[in-house]
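Read through the structure below, which is laid out as structure tokens, and then see the notes.
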Amino acid sequence: MRVCQNSDSLKLNSFLTPKGRSPGEWIRGTFQRFRGSSPHSGDSSPSSTYGQDSPVEEETTEVIPTFDELLEAGRLSEASQQLIDRENDLFQEVTEEGSLQQPSVDRLAEDRRALEKHLTETLQQSLSLSLEDIHNEAAVHALTTALTSAVKAVHQEEEQTLLREQRGCKALSCWKKLHDSSLLSLVERRMENPLESPVSQAEQSSIQTDIYSMGRQLKQDLLFVVIVVKSCYPPQSNICQFYASLYHQTFSARLRKIADFGLEDKDATFLLRWVNEYYPGIFQKPELSSEIDSAALGKLLPKELLEPLEEQYLSKQKTDLSDYMNQVLQLEDRKWASGEEAKREDGCYTSPLAYDIIQGINGMVKAAEKVTGNRQKAQTITHQLPGFMTKYKHLQSVLQVNNQISHIKASLCCVEQFRDVLLGENHLFPHEVKEECLGLLMDIEQSAHSCLLIPIHKILKPQYKKLGTTDWLRKNGFEKLWRSLEVELLKFQDVPHLGRQELIGRLHQEVTEEYVRRLLRRDVKLKDREQQQRAYTIVTQNAESLNTLFSRMGSKQDWLKEILIKIAEVLRLQDVPALQMHIASLGSAHPDISEKHVVALLKLKTNISKMDRKKIITTLSDTLKETRAGGDARLFFSKVEIR
């Protein structure tokens with residue numbers, strides 16, 4: 001077994017380039033010969049699974065090319081097969097004769113080094129064409145034919161290595177490792193000298209240009225691999241994924257070096273966008289997504305390098321957003337301070353403040369999500385919003401002190417716009433930011449409502465005093481209140497629609513509350529069924545009139561009419577069991593009603609005994625105990641004080 005014992009002499013450590021020719025000259029010459037070669041010669045067909053040689057038609061006189069001729073022609077799989085055959089012959093000689101011709105071993109080792117060199121050169125020419133060259137059939141044919149033959153040679157040599165191991169011999173070379181290292185060297189060289197950026201990128205920094213160029217090179221090369229190189233490999237090699245992994249690790253290594261240095265904000269942002277947006281976007285192209293599993297590649301940068309970059313970026317975005325919101329608020333403040341009236345659109349007072357802030361937040365959060373690749377991290381920049389809302393609330397109080405009614409009305413539009421975004425665009429805000437801002441908006445809205453409604457209640461006070469009195473019962477003094485309300489409500493026509501609906505709805509509830517409050521003062525005594533029936537009719541009519549007026553003006557609080565009608569029904573009913581059932585129903589619908597409210601209401605009916613009132617109150621108490629506190633019921637009676 002001298003072949004095995006002397007196998008070190010066969011180890012392929014280095015190769016020699018053909019005399020007098022550089023690697024580039026050799027590969028170009030090889031491509032030229034393939035352009036003129038016969039379709040039936042040797043390795044010329046790239047259409048087989050991984051470059052199987054087309055059968056050569058037998059001729060009367062067959063000329064077998066030498067090993068050197070096969071190398072020169074780029075027919076590497078045939079050259080490889082010759083070496084394998086020679087090696088097997090040597091092994092057979094040792095087996096049969098027990099002797100070995102050293103010159104044959106040396107010659108075989110030298111030829112293997114030559115084959116290895118040619119394989120390396122051919123593999124490193126895999127990407128020698130560009131995407132623009134794929135329509136050059138001759139060039140593509142030359143490349144794919146040479147590469148197919150080289151890939152087949154590697155496959156053959158790997159099979160021979162397994163055979164050697166089965167014979168108990170030492171492996172001569174790791175051809176798969178040679179293949180992989182050759183492609184890695186090729187990829188590293190191309191990423192070190194990437195395509196130049198187009199003219200449109202001229203304003204980028206040197207770092208941005210470098211990153212962009214590498215990304216562009218990676219994208220074009222992987223497309224070339226999928227379109228051209230893939231056909232030279234057997235399907236099981238998964239060559240597209242392999243190339244993607246080589247480019248990924250090379251690109252990642254270069255970006256790590258860049259990230260290790262302190263980057264300016266623009267460069268840090270650009271790097272993050274490449275890692276989280278542009279790079280994943282490359283693999284979303286249909287040509288690549290069908291061949292490459294981008295998820296298996298992982299992130300371009302590790303967590304320990306990404307987090308400082310993200311923190312730098314987010315910190316800058318928070319500062320920028322805060323500065324922007326302050327500028328918008330200062331602009332509005334200057335308008336208020338100058339005494340300038342709010343602008344009108346379609347006859348309504350309006351303000352651009354909320355729209356400008358919302359657009360700024362929307363754009364910055366969406367951009368931050370793309371840059372960081374993480375929605376929750378992007379949302380953190382809105383932590384500045386509650387601080388802005390607090391400042392806005394303070395300035396609103398100044399407006400109210402100065403009685404700048406047009407701006408107060410305009411602010412209601414801003415409140416509704418902010419609220420719509422906070423409730424409808426959950427992806428923009430963390431939960432705690434949303435909740436805090438909604439609370440501040442409610443304070444701003446309630447304060448603006450009070451400022452606009454308190455003067456109206458003062459005007460209506462003389463009409464309120466007549467409610468629940470004998471005069472109200474005899475002459476229905478409600479009519480003057482209704483007319484005054486109609487006049488006052490017209491003053492809100494210049495409030496923007498969204499804000500007007502809420503404002504008029506609140507006035508609707510406050511007027512109804514005042515109506516019930518005055519009625520329960522017991523200034524009138526309903527002594528008999530006739531008076532009680534008349535009171536029922538008046539309250540019912542008043543409920544309908546109020547609801548009609550407020551609905552026409554924009555209120556959506558129809559439930560307030562039902563409260564007055566239920567109260568009127570208490571005045572009408574005479575039978576104690578019927579009253580018990582009705583009061584229980586009222587308690588179920590409005591659990592904030594108290595015993596004091598019901599006692600005051602029942603005392604309007606002087607024909608209800610103290611014992612009967614106690615029965616009714618007991619029924620109410622039992623109902624309220626069973627009724628879950630809060631729930632979806634609207635608050636009403638808790639806002640009606642009983643003296």
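Viscosity 1.567 mPa s, temperature 4 °C: what is the translational diffusion coefficient of the range 304-447 from Stokes-Einstein with a Kirkwood Rh over Cα pairs, rounded to a whole number of µm²/s?
81
Extension gain R634-M442, at 0.36 nm per residue separation less the Cα-Cα distance, in nm?
That works out to 67.5 nm of additional length.
As an exercise, use a Förster radius of 25 Å and the Cβ-Cβ distance of N374 and L131 to find the FRET efficiency, rounded to the nearest 0.05.
0.15
Modelling each spin label as a point 7 Å along the Cα-to-Cβ direction, I'd like the S290/K625 distance in nm, to one decimal.
7.4
Compute the acute angle (0 to 90°) between the alpha-carbon long axis of helix 76-97 and the principal axis of greatest extent of the alpha-carbon atoms of the chain; round to the nearest 10°.
For 76-97 against the chain, the angle is about 60 degrees.
If the cut-off is a Cα-Cα distance under 19 Å, which aspartates and glutamates reach K230, setting aside same-chain residues fewer than 8 apart in sequence?
D43, D53, E121, E132, D133, E137, D180, D221, E287, E291, D293
Given a cut-off of 18 Å, name the pairs among K316/K377; K566/K625; K219/K370; K458/K491; K266/K299 whose C-alpha atoms lie farther apart than that in the structure shown.
K566/K625; K219/K370; K266/K299
For the range 610-620, what does the Karplus curve 6.51 cos²θ - 1.76 cosθ + 1.60, with θ = phi - 60°, yield as ³J(HN,Hα) per residue in whole Hz, taken in order and with x for Gly and Pro?
4, 5, 5, 4, 5, 4, 5, 5, 4, 4, 4
Please list the non-local residues whose amide H lies under 5 Å from the amide H of K343, H modeled 1.01 Å from N, same-chain partners needing a gap of 5 or more.
Here the answer is T350, since their amide H atoms fall under 5 Å of that of K343.
Which FRET efficiency, nearest 0.05, do T537 and V599 yield, Cβ-Cβ r, R0 25 Å?
FRET efficiency, T537 to V599: 0.60.
Each residue of the range 412-418 in turn: what ³J(HN,Hα) in whole Hz from Karplus with 6.51, -1.76, 1.60 and θ = phi - 60°, glycine and Pro shown as x?
5, 5, 4, 4, 5, 5, 4
Hey, what do the phi angles of the range 483-488 turn into as Karplus ³J(HN,Hα) couplings, whole Hz, using 6.51/-1.76/1.60 and θ = phi - 60°, x for Gly and Pro?
Whole-Hz 3J(HN,Hα) from phi for the range 483-488: 5, 5, 4, 4, 5, 5.
Between I565 and D265, what is the spin-label point distance in nm, taking each point 7 Å from the Cα along the Cα→C-beta axis?
About 6.1 nm, to one decimal.
At 7 Å along the Cα-to-beta-carbon direction for both R334 and R256, put a label point, then send me their distance in nm to one decimal.
It is 5.2 nm.
Between (i) 138, 61, 43; (ii) 89, 56, 40; (iii) 158, 65, 48, which matches Cα extents along the principal axes in Å calculated for the structure shown?
Computed from the coordinates, Cα extents along the principal axes in Å corresponds to (i).
Identify all lysines with a Cα-Cα distance to K610 below 20 Å; exclude those on the same chain that are fewer than 8 residues away in sequence.
Output for K610: K525, K527, K596.
Full-extension gain between K343 and K480, please, as 0.36 nm times their residue separation minus the C-alpha to C-alpha distance.
Extra length from K343 to K480 when fully extended: 45.9 nm.
Can you spot the aspartates and glutamates whose alpha carbon is less than 13 Å from K480's alpha carbon? Ignore those fewer than 8 places along the same chain.
D471, E488
Each reported figure results from applying straightforward, stated rules to the coordinates on display, with no laboratory input. Here the structure is a predicted model, which is why all the values come from computation and not from measurement. Here Cβ is always computed from backbone atoms with ideal geometry, including for glycine, and neighbour counts include all displayed protein chains.
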